[in-house]
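First the structure, in the form of structure tokens, and then the observations on it.
No value in this document is a laboratory result; all are computed from the given coordinates. A quick note: this is a predicted structure, and the numbers were derived from the prediction, not measured. Note that each Cβ is placed from the backbone with ideal geometry, even for glycine, and that neighbours are counted across all protein chains shown.
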Amino acid sequence: MPPQTENRRLMNRFIGIIAFVSILAGSVSAAAAAMFGASEFYLDNGLRVIVIPNRKAPIVRQMVWYKTGSADEKPGQGGIAHLLEHLMFRGTRKVGHDDYNRVTQVNGMDGNAFTSQDFTVYHQSMDISRLELAMFLEADRMQNLDLSRENFDLERDIVYQERKQVVENNPAAAFSENLRRLMWGEHPYGRPVTGLPEEIRNLKLEDVRAFYHKYYAPNNAVLVLSGDIDPQTAKKLAGKYYGDIPRVNLGEPAAFPEIRAENAVKLEMSLPRINSVRLVNTWIAPAFNREKEEIYNLAVLSKYLGEGETSKLYKKLVKERRLALAVESSYDYGGRSYGTFSIWAIPQPGISAAALQEGVDQAVAEAVAEINAEAVENAKQKMRAGLVYLRDNPNDAAMVAGSMAAAGMSLEDIENYGDRISAVNPREVKQAARKLLRNSARVSGVLKPAEEKHD
């Protein structure tokens with residue numbers, strides 16, 4: 001499966017809404033707070049299991065989050081995590097490719113997967129009566145994948161062609177890839193998740209096998225079950241299907257290089273098939289595992305600045321000054337190393353990229369200066385309102401809880417997120433904004449339509 005743009009969009013949509021408890025291994029205990037009313041337990045092999053009950057319909061969502069992605073690839077082996085994601089759908093030594101597809105289709109299992117820098121995720125939605133079957137199939141893939149030469153050669157060719165179609169023939173994707181490389185430099189986050197064409201062609205079967213056996217293990221994964229299921233049933237089934245899979249020696253966690261974002265950099269690209277200018281300003285920002293306390297301030301800041309048509313930047317740039325057709329901010333703090341804070345904008349017809357950038361800079365400065373108790377409270381109220389709807393949808397709940405748990409957040413943090421947001425004060429938000437949103441530390445990018453050549 002290709003890196004799932006929609007799933008990444010969904011993750012980013014909610015990653016600024018929720019945060020992430022380790023309960024003692026082998027126990028099932030409900031959280032006191034009521035974000036999801038979730039519980040968690042650990043199997044003896046280290047598998048962390050999060051259960052989010054929802055009795056509104058007889059359906060359940062299963063997600064397995066492996067804490068590995070393109071950031072774990074060795075130099076020259078770019079694309080190996082994504083290729084392995086493909087190979088996970090080629091069947092196992094017990095259930096072949098054709099049988100796997102037939103069984104999932106006949107039983108109405110809606111499943112897919114996606115790969116990011118930090119995670120590789122497999123998910124299915126199904127009627128509760130088919131959950132055991134889905135757990136058997138997913139646990140089987142965790143330990144019995146058919147990594148044959150035939151499967152490897154086939155999927156490597158597919159991934160190579162996918163790279164050309166999805167990235168190299170997509171101007172927006174090419175722009176994002178170049179911007180990411182400029183932003184992160186030698187940090188693993190600068191590598192494309194898909195890998196480079198020459199890297200994909202040079203991947204070796206033995207390297208894929210080594211990656212699989214090193215990272216696809218219960219003690220490197222989070223299992224999320226969301227929907228019509230109770231903790232006791234979840235514990236019984238998880239133990240039955242995942243409990244006998246042996247843990248592996250993961251060694252020391254990857255040591256990501258430190259980033260000192262003190263020099264502004266800029267990228268300008270003119271590419272065909274682009275209808276309008278696109279402007280982005282991005283800052284390397286705290287992730288939960290580095291600056292836990294700061295993420296709540298920045299999450300509120302993002303909501304205040306540019307999330308929705310009632311946001312400050314939308315009012316200033318779209319409604320009042322008519323400089324932009326659209327403007328949006330986002331904050332992703334779910335990475336294992338760093339997060340990102342971004343502001344995107346599309347200019348009104350006749351507005352140049354330079355004029356829009358000047359307008360964005362002015363609007364951001366004004367918005368930061370205008371942070372006050374009322375503005376922050378409005379942003380917090382919108383965030384709290386958004387939390388209410390998460391629990392109603394098992395798919396969204398699993399996506400959010402899984403992403404947070406995989407990033408290292410505890411169940412207590414997840415469930416208490418609303419309280420942590422409520423405790424944020426205007427002074428902290430303003431301080432966080434002034435500390436992060438420095439022009440001297442940003443990466444800016446401008447994507448322009450290429451001028452047509454005439455004979």
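With θ set to phi - 60° and the Karplus curve 6.51 cos²θ - 1.76 cosθ + 1.60, what are the ³J(HN,Hα) couplings of the range 345-357 in order, to the nearest whole Hz, using x for Gly and Pro?
8, 10, x, 5, x, x, 9, 6, 4, 5, 5, 5, 4
Using the alpha-carbon centroid of each, what span in Å lies between the range 372-426 and the range 40-80?
20
Which entries of Lys74/Lys214; Lys94/Lys236; Lys380/Lys430; Lys316/Lys435; Lys292/Lys430; Lys303/Lys430 have Cα-Cα distances beyond 20 Å here?
Result: Lys94/Lys236; Lys316/Lys435 exceed 20 Å.
Just to confirm the filter: which trypsin sites (Lys or Arg not before Pro) across the range 51-143 are DSSP coil and have at most 15 other Cβ within 10 angstrom of their Cβ?
Passing both the DSSP loop test and the Cβ count: Arg55, Lys56, Arg93, Lys94.
How large is the dipole of the range 67-190 about the Cα centre if only Lys and Arg carry +1 and Asp and Glu carry -1, each at its Cβ, rounded to the nearest 20 debye?
That gives a dipole near 160 debye.
Can you give the local net charge around Arg420? Use residues other than it whose beta-carbon is closer than 12 angstrom to its beta-carbon, Lys and Arg +1, Asp and Glu -1.
Neighbourhood net charge equals -4.
Provide the packing ranking of 266-278, 223-235, 181-193, i.e. peptides ordered by the mean count of other C-beta atoms within 10 Å per residue, highest first.
223-235, 181-193, 266-278
What is the magnitude of the charge dipole of the range 265-449 about its Cα centre, with +1 placed on the Cβ of each Lys and Arg, -1 on the Cβ of each Asp and Glu, and no other charges, expressed in debye to the nearest 20?
Computed about the Cα centre, the dipole is about 600 debye.
Loop-only check: which GluC sites (Glu not before Pro) in the range 291-360 are DSSP coil with at most 13 other Cβ within 10 angstrom?
Those satisfying the criteria are Glu309.
Over what distance in Å are the Cα centres of the range 244-277 and the range 145-169 separated?
22
Mind checking which of Gly308, Phe41, Trp283 is farthest towards the positive end of the chain's charge dipole, using Cβ charges of +1 (Lys, Arg) and -1 (Asp, Glu) about the Cα centre?
Checking the options against the dipole of the chain, the answer is Gly308.
List the trypsin sites (Lys or Arg not before Pro) in the range 305-383 that DSSP assigns to loop (not H, G, I, E or B) and whose Cβ has at most 14 other Cβ atoms within 10 Å. Which are they?
Filter output for the range 305-383: Arg321, Arg322.
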